[in-house]
Every structure is written in structure tokens, then in C-alpha cells.
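In what follows, a structure is listed as C-alpha cells, so that the remarks can point back to it.
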């Protein structure tokens with residue numbers, strides 16, 4: 001679930017099957033993936049950009065995902081990754097297990113930016129803007145929320161080592 005996983009918020013397809021992780025970390029609880037989650041929020045846009053992209057870019061992998069409060073991972077999101085570059089571009093790798101519908105290409109690229117008050121990341125993909133609410137962001141973990149076709153989605157991502 002690449003950070004995509006940030007994009008997974010963007011490319012969600014309802015045709016995926018839910019699976020449970022073998023030993024999910026405590027951070028996968030649905031109540032941890034809401035605005036009251038365990039992560040702090042950056043105070044400024046510059047701080048948020050630094051945490052999100054780092055000094056030389058970062059690759060994010062999803063570790064938690066909920067759709068309308070249903071706990072578990074969408075099987076087609078487990079292998080997603082998103083590489084964030086410091087120049088405002090990203091590369092999304094949907095992995096080998098694609099969800100279908102709008103998530104029908106393994107690799108996609110686009111641009112990203114964080115809004116002025118550091119509360120949202122705007123992804124431009126194929127000329128369309130998608131917005132993810134930042135609900136928590138620290139050096140190696142980000143929590144995002146959004147909606148797709150009216151369905152509430154939440155994602156939790158860690159920096160790939």
C-alpha cells in the first residue's frame with residue numbers, strides 16, 4: 001500500500017476483498033486512524049513538507065486502511081508504495097495486485113503539494129486534483145483521511161526502510 005497509499009486514498013476501488021493482517025500493530029485500530037489518532041500535526045507548511053518528503057525524498061508504504069469504518073486491509077492495497085520527491089512530484093507503484101476500476105495501472109506519476117495551513121495534501125494525477133486530509137504526521141508515519149465516491153477512507157503509512 002504505497003503511500004500510495006496516499007494515492008490509495010485516491011485510487012480506491014470498491015471491488016477489493018478485505019483481509020486481516022496476521023499480527024496487526026495496535027496502530028491499525030480504526031479509532032487510531034481518525035483525527036484523534038496518536039500522531040501529532042505539523043505546525044507549518046514547511047514543517048509538513050519536510051516531514052512528508054524529507055531531505056532527499058521518501059517512499060511510504062500503507063500499514064492500515066479502513067473503508068467506511070470497516071477494519072482490515074484491502075488485499076489489493078498491501079503492496080502499494082508511493083515515492084515522494086522533494087521537487088513536488090510523486091511516483092505511485094500499485095504493486096502486482098491492482099484493485100481495478102481507477103486503480104488499473106501499476107505505475108502512475110503526478111505532482112503533490114501541501115496546502116498553506118498544512119492540513120491537506122493535494123495530489124494532481126492525470127490532470128485531476130485529489131485531496132487527502134492530514135490527520136497526523138511525524139518523521140516516519142502519516143495518517144490521512146478522505147473520501148471516494150462518498151465513502152470515508154482512512155490510511156496509515158510508514159516510511160519504507
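The values are calculated or read from the model by the stated rules, or taken from the named source; none is laboratory data. Computed from a prediction, not measured in an experiment: that's the story for all the values here. Ideal geometry is used to build each Cβ from the backbone, glycine not excepted, and the neighbour counts take in all protein chains shown.
Does residue 41 satisfy the condition of being closer than 19 Å to residue 154 by Cα and either modelled with pLDDT of 85 or more or in a strand (DSSP E or B) (or both)? Here the answer is yes, as residue 41 does meet what is asked. Just one of (1) under 15 Å from the mean Cα position of the chain (by Cα); (2) farther than 22 Å from residue 39 by Cα; (3) free of Cβ contacts under 8 Å to residues at least 24 places away in the same chain fails for residue 79. It is (3).
Would you pick out the residues in region 135-150 that are part of a strand (DSSP E or B) and touching a strand residue (DSSP E or B) at 6+ places or on another chain (Cβ under 6 Å)? Show your work before the answer.
Initial filter on region 135-150 (part of a strand (DSSP E or B)): 135-138, 141-148.
Those that are part of a strand (DSSP E or B) and touching a strand residue (DSSP E or B) at 6+ places or on another chain (Cβ under 6 Å): 135, 136, 141, 142, 143, 144, 145, 146.
The set of residues from region 61-99 being modelled with pLDDT of 85 or more and surrounded by fewer than 17 Cβ atoms within 10 Å (Cβ to Cβ) comprises 85, 86, 87, 88, 89. For the condition part of a strand (DSSP E or B), at pLDDT 90 or above and surrounded by fewer than 15 Cβ atoms within 10 Å (Cβ to Cβ), residue 122 qualifies.
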